[in-house]
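Input: a single structure, listed below in structure tokens.
The values are calculated or read from the model by the stated rules, or taken from the named source; none is laboratory data. Fair warning: this is a prediction, and the values are worked out from it, not measured in the lab. Here Cβ is always computed from backbone atoms with ideal geometry, including for glycine, and neighbour counts include all displayed protein chains.
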Amino acid sequence: MRRPVDHDDLYHLRHSAAHVLAQAVQHLFPESKNTIGPATEDGFYYDFDRDTPFTPEDLEALEAEMGRCIGKDDAIQGREVSPDEARVFFKDNPYKLELIDEIAGKGEPITLYGHGDFTDLCRGGHVERIGAIRAFKLTNVAGAYWRGSEKNKMLQRIYGTAFASPEALEEHLQRLEEAKKRDHRRLGRELGIFMISPMVGAGLPLWLPKGAVLRETLVEFMRDQQRRRGYLPVITPHLAKRELYELSGHWQAYRENLFPSMHGDSEELVLKPVNCPFHIQIYANERRSYRDLPVRYAEFGTVYRWEQSGELGGLTRVRGFTQDDSHIFCRPDQLVSEFHGVVDIIMEVFGKLKLEYRARVGLRDPENPEKYVGTPEDWEQAQSALLEAVRQLEMPHEVAVGEAAIYGPKLDFMVRDAIGREWQLGTVQVDYVLPDRFELEYTGEDGQPHRPVMIHRAPFGSLERFVGVLIEHFAGAFPLWLAPVQAVVIPIADRHAEYAETVRQRLTEAGLRVEVDRRSERMQAKIRDAQLQKVPYMLVVGDKEAEAEAVAVRSRDRGDLGPRPLGEFLAEVAAELR
Ligand SMILES: [Zn+2]
Ligand SMILES: [Zn+2]
């Protein structure tokens, strides 16, 4: 999905639609006070101070009024005014007066923009004439505090969206509908993948048995990749002394994402937001020679980051999550080949799941040096090494200034899901800073101490987020190798239960994840439920099947495949899994 940015035409169109909404509200509900109305990623909103909430009927009336206003095709025109002029103009609106004082206080120009009988305090960024808004829709109303603070008055926020053509609007509405069907919070509950317990807390998902099987399958896949590529497993605790993060720089640069620290007898302990400093301690535990490098430590490490409760949702925004994390310590001359090895694993993951992606190099923002740790020289070195490694890959990529991690530049992979939305997943980071701060060394061929370089990488990113994205991408219909239950055996009558159990055993021994549906429901109901649970294969067994040692196969994706000997089905499934 295209994400408009604030200099973008679509953004201007939507912000202009917010003006028209405020105009319509002024016409129909003159007692309400306008506050602010920006464009957003998917549309726009405008906040109004009005004691009675807007009803769905009000929204319909407002849409009709907006249509009439747009029909006049007035030009949007702006002018700069003095603070006093602006104060007189908005004398009855305390919200605008507050904004005017703020803008004037900063010494910035005050501009009014208007069309027809409507004028708003606004920085600008509109279409030239409102007739350009060819398609719009008001979607819902919600309460919102003035300036987002619960100390302020609750306002009425009307949401809407606007496009340059009715076709684009229709497409957008369909995508929203499709996204709702795929919502991983709903599917996660229906498919028994995870739950959120209010007793446990927001942003702390509990994995249910099927979700745990799914997650373990991904972990096993990654472990296998790592074993083949010479990674060594390590396991580290969930908290550490504050000093560790002071040395790594997280305490200073990442403070707002840390949970409050705990005070022990004499120590202050902090839940870990990252695994890196732990792996660094393991590296520093031994003397290293140039011959020992690279050292690749891997851990499915659970980390904890403070997120505002308003930002939490399902598996994609959480307060505790597990990264498929790894840290590679290598010599500078090994950096490019190690980097390529990491990109290789990420390609393996995306290939296995048939995910489309685009690559983005994140560099440091030179305007905001306080967001980072390390010297300009370290950064210069890391950024040119990463750009060189990416250049050698000949992989199309874009460069985004300001998207670096706090200790180094990174290569991110943005995955496009089945309905066109983009998610940031795998990450590779090059780091000269932490080895410096922790004074890591190896002995070179020359017998002298040298500094290793670090690569941080997590192909899935976090297991929580990755599974959340996969649920929405596949709409819960996971490929066979990943499906928590791969086949359900459905006995037609009670007398077939024994044979169904034999089938289950044979398939389980062959390494498949299988359940028997022993409920006294009718066969059709059992098939329907298995289909709703998105189980790849349903194996119906009755008298004929029991006698012939066969199964009647129904595929989730291909429908009824008819009966076949059990051995034949096993061979087919084994081939599909390969
Ligand atoms: Zn405006
Ligand atoms: Zn790291």
- Item | residue 232 vs. criteria within 16 Å of ligand 2 (Cβ to nearest atom) and either loosely packed, with under 14 Cβ neighbours inside 10 Å or closer than 30 Å to residue 138 by Cα (or both) | yes
- Query: Can you find a residue in region 379-388 that is under 13 Å from residue 411 (Cβ atoms), in contact (Cβ under 8 Å) with a residue 24 or more places away in the chain and not aliphatic (A, V, I, L, M)?
  - Reply: yes
- Message: Of everything in region 532-569, what is among the β-branched types (Val, Ile, Thr), without any contact (Cβ under 8 Å) to a residue 60 or more places away in the chain and closer than 30 Å to residue 471 by Cβ? Give them in sequence order.
- Response: 535, 540, 553
- Note on the structure: If we take region 272-375, then strands (runs of 3 or more DSSP E) inside it with 2 or more residues that are in contact with an Asp or Glu (Cβ under 9 Å, 6 or more places away or on another chain), modelled with pLDDT of 95 or more and within 16 Å of ligand 2 (Cβ to nearest atom) are 295-304, 320-330
- Query: Which of the residues belonging to region 398-429 are within 11 Å of ligand 2 (Cβ to nearest atom) and in contact (Cβ under 8 Å) with a residue 40 or more places away in the chain?
  - Reply: 405, 406, 407, 408, 410, 428
- What about residue 448, is it more than 15 Å from the chain's Cα centre (by Cα), closer than 30 Å to residue 284 by Cα, of a type in the set (S, T, N, Q) and within 16 Å of ligand 2 (Cβ to nearest atom)? no
- Task: Among the residues of region 464-507, write down those that are outside any loop (DSSP other than H, G, I, E, B) and within 15 Å of residue 182 (Cβ to Cβ).
- Result: 467, 468, 469, 470, 471, 472, 473, 474
- Note on the structure: Among (1) in contact with a helix residue (DSSP H, G or I) (Cβ under 9 Å, 6 or more places away or on another chain); (2) surrounded by 14 or more Cβ atoms within 10 Å (Cβ to Cβ), residue 346 falls short only on (1)
- Can residue 246 be described as assigned to a loop (DSSP other than H, G, I, E, B), more than 26 Å from the chain's Cα centre (by Cα) and either of a type in the set (Lys, Arg) or closer than 23 Å to residue 435 by Cβ (or both)? no
- How many residues are crowded, with 18+ Cβ neighbours inside 10 Å and either more than 13 Å from ligand 1 (Cβ to nearest atom) or of a type in the set (Lys, Arg) (or both) if we restrict to region 118-132? 1
- Of all residues in region 438-473 being crowded, with 21+ Cβ neighbours inside 10 Å and among the small types (Gly, Ala, Ser), the one that is nearest to ligand 1 (Cβ to nearest atom): 468
- Go through region 5-114 and tell me which helices (runs of 4 or more DSSP H), entirely inside it, have 1 or more residues that are closer than 19 Å to residue 142 by Cβ. 9-28, 56-71, 94-105
